[in-house]
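Data block below; observations after.
The values are calculated or read from the model by the stated rules, or taken from the named source; none is laboratory data. Every value quoted in this text rests on a predicted model; they were computed, and no experiment measured them. Positions of Cβ are backbone-derived with ideal geometry, glycine not excepted, and every protein chain shown enters the neighbour counts.
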Amino acid sequence: MRLLMTLVLAMVAMNTNAQDAAHEAGGRFALVIHGGAGVIERADLSAADEREIRAALDVALDAGHAVLSAGGTALDAVQAAVVALEESPRFNAGKGAVYNAIGRHELDASIMEGHTRRAGAVAGVTTVRNPVTLARVVMERSPHVMLMGDGAEQFADRQPDIERVGNDWFDTETRYEQLQRAREREQAEAQAGEVDPQDLKGKYFGTVGAVALDVHGHIATATSTGGMTNKKFGRVGDSPIVGAGTWADERCGVSGTGWGEFFIRNAVAHDICARVAYRGDTLQAAADEVIMKRVPELGGDGGAIALDREGNIAMPFNTSGMYRGWIKPDGDRGTAIFREE
Ligand code: ASP
């Protein structure tokens, strides 16, 4: 017993030393974020809108960077970055979330830590200001991975540090107009008797996500969304589903955005990392194969951000744009929206 204790203590000490050394040696860290993929045309975005969106992405990069540059964990960094994006009305997560078919907001979020494979998720929450924070609390304070609807709300009631708001707090004019347009389209199609199943393609964007590599060599991922405009009451997409919209393991992390049903059916986030693990694919090749081939093959669309333990970053999307930002291990930092950037 004593021998076991000594061994455990020695291992803890070795681990702590290794972490300190990594930090003191200026261990490399990296961060990649997205604010959603979809139809984002240059002509439709005013210069002021573009400036505001890039500024919001920068706020999220700053939040993640502050954690990572201080030697903090990838888990804290992705949470901080996603909270910043949830707080911006520009993205479809937290404030600014889309409306469902009954004119309310139902929010989904998840978080995962790669080296421990711990994960937490919430689906269909209606009064939680920052769903990603509740997802983390589910991971850390409950024996479960995912809580949904009323159960998630009741769990939140028992957490003193989870901020609550009325459902109308998430309202924004822009999303309301989007809902009206979606309803009109649906009605027109129903009248014409020509419901196009592809009609949802690219008609959404704004889900947010982050993947980080910390100086300890660990990876974490978080994703948060309001889902898809005019979605049926109770519909849950890929974002809170571990393996579909979110994945992290010891060598790879992915956060997805797009037509969630297709991301679930392709287990997109896990498939990208599995290709890296089992086939030895590069991160870029794995992410391109899944996003540019597998998802469109089934009729879906969207994009993903991915990061590996070397700090390589991939950001493929098969839509016209994807809001994205990155900080590479060499310090290179940027934001982009359109394809040709
Ligand atoms: N993937 C999200 C969902 O289906 C939507 C999005 O990424 O915009 O809920």
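Evaluate the following for Arg275: is it under 17 Å from Gly114 (Cβ atoms), charged (D, E, K, R) and surrounded by fewer than 21 Cβ atoms within 10 Å (Cβ to Cβ)? Yes: the conditions hold for Arg275.
For the stretch 281-300, give me each residue that is buried (at least 23 other Cβ atoms within 10 Å of the Cβ) and either within 25 Å of Asp44 (Cα to Cα) or of a type in the set (S, T, N, Q) (or both).
Residues of the stretch 281-300 buried (at least 23 other Cβ atoms within 10 Å of the Cβ): 283, 286-287, 290-291, 295, 300.
Result: Ile291, Gly300.
The single condition among (1) assigned to a loop (DSSP other than H, G, I, E, B); (2) over 16 Å from the mean Cα position of the chain (by Cα); (3) within 16 Å of the ligand (Cβ to nearest atom); (4) at pLDDT 95 or above that Asp238 does not satisfy is (2).
Within the stretch 110-158, the set of residues being buried (at least 16 other Cβ atoms within 10 Å of the Cβ) and assigned to a loop (DSSP other than H, G, I, E, B) comprises Gly114, His115, Thr126, Thr127, Arg129, Asn130, Val145. Among the residues of the stretch 154-195, those identified as touching a Lys or Arg at 6+ places or on another chain (Cβ under 7 Å) and under 16 Å from Lys231 (Cβ atoms) are Asn167, Phe170. Taking the stretch 60-87 only, how many residues are in a loop (DSSP other than H, G, I, E, B) and either under 17 Å from Thr133 (Cβ atoms) or charged (D, E, K, R) (or both)? Selection size over the stretch 60-87: 2. In the stretch 214-235, the residue that is farthest from the ligand (Cβ to nearest atom) out of those that are of a type in the set (A, V, I, L, M) and in a loop (DSSP other than H, G, I, E, B) is Val215. All conditions in (1) modelled with pLDDT of 90 or more; (2) more than 16 Å from Lys328 (Cα to Cα); (3) within 16 Å of the ligand (Cβ to nearest atom) hold for Ile40, with the sole exception of (1).
Does Arg265 count as of a type in the set (D, E, K, R), surrounded by fewer than 24 Cβ atoms within 10 Å (Cβ to Cβ) and in contact with a Leu (Cβ under 7 Å, 6 or more places away or on another chain)? Criteria met by Arg265.
Can you pull out the residues in the stretch 43-59 that are more than 16 Å from the ligand (Cβ to nearest atom), touching a residue at least 40 places away in the same chain (Cβ under 8 Å) and in a helix (DSSP H, G or I)? Hits for the stretch 43-59 are Glu50, Arg54, Asp58.
Okay, residues lined up against (1) more than 23 Å from Val59 (Cβ to Cβ); (2) in contact (Cβ under 8 Å) with a residue 60 or more places away in the chain:
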{"residue": "Ala123", "(1), (2)": "yes, yes"}
{"residue": "Val128", "(1), (2)": "no, no"}
{"residue": "Met146", "(1), (2)": "yes, yes"}
{"residue": "Leu179", "(1), (2)": "yes, yes"}
{"residue": "Glu194", "(1), (2)": "yes, no"}
{"residue": "Gly206", "(1), (2)": "no, yes"}
{"residue": "Val211", "(1), (2)": "no, yes"}
{"residue": "Gly217", "(1), (2)": "yes, yes"}
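State whether one or more residues within the stretch 251-259 are more than 26 Å from Ala152 (Cα to Cα) and crowded, with 22+ Cβ neighbours inside 10 Å. Yes, some residue in the stretch 251-259 is more than 26 Å from Ala152 (Cα to Cα) and crowded, with 22+ Cβ neighbours inside 10 Å. For the stretch 313-332, a residue qualifies if it is away from the ligand (no atom under 16 Å from the Cβ) and hydrophobic (A, V, I, L, M, F, W, C), and the qualifying residues are Ile313, Ala314, Trp326, Ile327.
For the stretch 242-251, the tally of residues that are in contact with a His (Cβ under 7 Å, 6 or more places away or on another chain), within 16 Å of the ligand (Cβ to nearest atom) and assigned to a loop (DSSP other than H, G, I, E, B) stands at 1.
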